[in-house]
Amino acid sequence: MFSTKSYLQTLEQILYFKKNSLMLHINNNELDDIISETKHQFYNSTELLNDFRKDVSPYVKKINGNTHE
């Protein structure tokens, strides 16, 4: 759920990077910005997904009948 938006944003950044890398006039600062933003979005997506997994873990265990409380 959370990663879908970030995944799509990351994909857009990659496509934008690919498009601009084919152009000879790409600015190094712009390239650095694209790389930085892509890393940032990927990191946030991973963190949100990890947080989501931690939050729902007890519920998944209950659903699966794996409670050892």
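Results, tabulated for the structure shown:
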| item | result |
| --- | --- |
| Residue among Lys61, Lys54 that alone is among the basic types (Lys, Arg), modelled with pLDDT of 80 or more, surrounded by 12 or more Cβ atoms within 10 Å (Cβ to Cβ) and assigned to a helix (DSSP H, G or I) | Lys61 |
| Test: residue in region 15-27 that is among the small types (Gly, Ala, Ser) and modelled with pLDDT of 80 or more | no |
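The values are calculated or read from the model by the stated rules, or taken from the named source; none is laboratory data. Quick caveat: nothing in here was measured; it's all calculated off a predicted structure. Glycine also receives a Cβ, built like all others from the backbone with ideal geometry; neighbour counts cover every protein chain displayed.
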